[in-house]
Amino acid sequence: MTDELENENYVIQVRALLNQQKVKLWESPYYNTSTQQYAESELEKLAISFHERLQISLKDCLKAIRFLQQNALDKLRSKDEFLKTGIATIRCRAPTQEKINRYFDVKLKITSHGQELAQMVADKLALDVSRIKLVCAGKVLKNHLTLSEQNVVNGAAVMILIMLQSVEAAQRESSTYDRIHKIRADAELLINDERSDFLSLEDQDGNALHLPASEKKALLMALTLYEKGKVALRKENFEEALLLFLEADSDFRTCNSQLLTVVDNYALLNLDIVWCYLCLKNMNQLPDAEQRLQLCDEKLRQSYGANMNRVTAIKGTQQCSEKALLLRLHLLKAVLYFHQNKRSDAETMFRVVESELQTLKINDECLTTLLNCGFEITESRIALRACSNNVEPAIEFINNRRQMVEANEKKSKREKNLYKKIGYLNAHECRINVEHVDQLVEMGYSECLAAIALKRTGNNLYNALNELQQKQDDLKQELIASIEPSKQLIDKLIDLGFHAQAAEAALKQTINNFEEALEFLINVRNSNEYDAMLTSTSSEVASNSSSTLSSNAETVKLPLSSNEQASSSRKQDKNNCNNAKKEMMDILYKSFSKDMDTTSDTYLDMPLLEEASILDEYKKLLNMQ
């Protein structure tokens, strides 16, 4: 237990009793406002009565009273100074290498920019300003905005995050902020990349999620920053983790989708933010911590259901591994109650946490057995928690989970590929029922036409079948109009000597079937209609040249004219450029995703060692047996 936390324990109790008895330490008889003298004898009398009431040693009680008196007098002086001069007092709290907090005040006008406050803090700490970031009321202060624009008022408490780097690390990267900025910039490059397979949205069971493009981008950015923050959290780099979490929080808040009310990502983000507050010994961020825990509680109830009934219905087990998350939530609530001096509520909640820890404790022998069976440690721990340390049910749990995730991933992959085939860009508006597509394919219809028919009819199988029987030509024209020619297939046809425009038209006509497209183009050339095709629209070419298709055509590559050679050279340069960009993006992705673990259930694999340690620490403060 740290001296700082023990002292805070005394201050919390003394403050509550002072408020209860309406004692004003900044007034007579405890302080002479005219002479500005402390009435030591009166303070000692007060300490004796409080010592008997609170069962705190007289020395500690007097120390807490003097601390609170000085704090009250400082607040009054800063308020008076602000009213007279406009100079605000900002209360700063910075960690030290000894893992305790250092407190100091910084004075400046609230019309000053965040950069000025950051510089003053850096000077006070003898640090380069690039190594610090300031957090106030759960938001990272921005350098280019004024303090008043960021709702920083006189007397505001600011948490200082310092990047504690080795000399080698400092040479590689100048600051935490620079790294956060680079992470956001890299994420934007990946999210905006045309190859959307880099980052996709799926639920924890592997099902694809379809959202409007703008909202998908915001949600992807939030989730990406959140994942990078979890990497820092696993490394116990709490400063960087908190910055990334707060950045992710800002992006989450731009999402309007009802999705956020039924998935647990945003709830868990708020949980992790408060966890960072605790690890950084900044639970004095009480208003923000309280709001975030309340939001987390509400959203987890929406996602998991009351008493976990929704998770139980989905996963088919009464013991849910999500309970580890609820344990951390309950622990943080208990800590919050403690710092609010709701000691009875804190004790009750700590008892709940203690019971949950016992329930979720993993049997080492059972874990060893599963590992010897070839299972991964993460899935083994999750399964044992879900099955109350019973090995056979745990094995069944793992196998069922693997099968479900694999099946859903296959389904999602097939759905994505189908949408690409038919050029369907508005999947967020109407999902196509893949099972219905399969039923129509079994009846002899093409997969793409079946998908178009279902899209047209809002997944009504009977109406879709009617469309296929009576309006197949219309469906084909709609498919041709909407389909996006494959860039890879276009490049292959260009390499064979065809123009890009002709390649696109052929691929649209043949619905991205390379062999049929090649046969189509060869027949057009053999019939001397190739030049005309280049000057006409894709739809006209498809209509006027369909009769030129022949099943017995030979594959012939005609020699290129000088103009065609120049065009081919330009196309080659473009292809080289595209390939270089693709290679660069691949390298960026590999670097960016290093250490990121987005396995569906990883976030549930919590050792709970830190939770147990914190529980013991606070139980001692509350004299709990």
The listed residue being within 26 Å of residue 436 (Cα to Cα) and in a loop (DSSP other than H, G, I, E, B), out of 480, 511, 452: 511
Given (1) within 28 Å of the chain's Cα centre (by Cα); (2) over 30 Å from residue 11 (Cβ atoms); (3) not charged (D, E, K, R), index of the condition residue 391 fails: (1)
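What tally of residues in the range 498-515 results from selecting those that are of a type in the set (S, T, N, Q) and either surrounded by fewer than 20 Cβ atoms within 10 Å (Cβ to Cβ) or at positive phi (or both)? Can you show your working first?
Let us first name the residues in the range 498-515 that are of a type in the set (S, T, N, Q), namely 501, 509-510, 512-513.
Then keep just the ones that are either surrounded by fewer than 20 Cβ atoms within 10 Å (Cβ to Cβ) or at positive phi (or both); that gives 501, 512-513.
Number of matching residues: 3.
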Residue check for residue 467: at negative phi, touching a residue at least 40 places away in the same chain (Cβ under 8 Å) and either over 39 Å from the mean Cα position of the chain (by Cα) or in a loop (DSSP other than H, G, I, E, B) (or both): no
Every pair of residues 6+ apart whose Cβ atoms lie under 8 Å, when the first sits in the range 1-16 and is over 13 Å from residue 61 (Cβ atoms) while the second is aliphatic (A, V, I, L, M) and not in a helix (DSSP H, G or I): 2/100; 3/100; 4/100
Count of the range 3-55 residues which are assigned to a helix (DSSP H, G or I), open to solvent by less than 30 Å² (accessible area, probe 1.4 Å) and among the aromatic types (Phe, Trp, Tyr): 1
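Could you list, in sequence order, all residues of the range 120-139 that are free of Cβ contacts under 8 Å to residues at least 24 places away in the same chain and either farther than 17 Å from residue 150 by Cα or in contact with a Ser or Thr (Cβ under 8 Å, 6 or more places away or on another chain) (or both)?
120, 122, 123, 126, 129
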Hits in the range 516-548 (condition: at pLDDT below 80, of a type in the set (Val, Ile, Thr) and either within 12 Å of residue 493 (Cβ to Cβ) or open to solvent by 10 Å² or more (accessible area, probe 1.4 Å) (or both)): 535, 537, 548
The lone exception for residue 295 - which of (1) of a type in the set (A, V, I, L, M, F, W, C); (2) over 30 Å from residue 411 (Cα atoms); (3) buried (at least 17 other Cβ atoms within 10 Å of the Cβ); (4) modelled with pLDDT of 75 or more it fails: (3)
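For the range 487-497, enumerate the residues that are under 13 Å from residue 513 (Cβ atoms), surrounded by 18 or more Cβ atoms within 10 Å (Cβ to Cβ) and out of contact with any Phe, Trp or Tyr (no Cβ under 6 Å at 6 or more places or on another chain).
493
The values are calculated or read from the model by the stated rules, or taken from the named source; none is laboratory data. Everything numeric in this text was worked out from a predicted model, so none of it was measured. Neighbour counts are summed over all protein chains in view; Cβ atoms, including those assigned to glycine, are modelled from backbone coordinates with ideal geometry. What goes into the accessible areas is simple: the full protein's heavy atoms, side chains included, and nothing from ligands, DNA or RNA. Shrake-Rupley method; radii C 1.70, N 1.55, O 1.52, S 1.80 Å.
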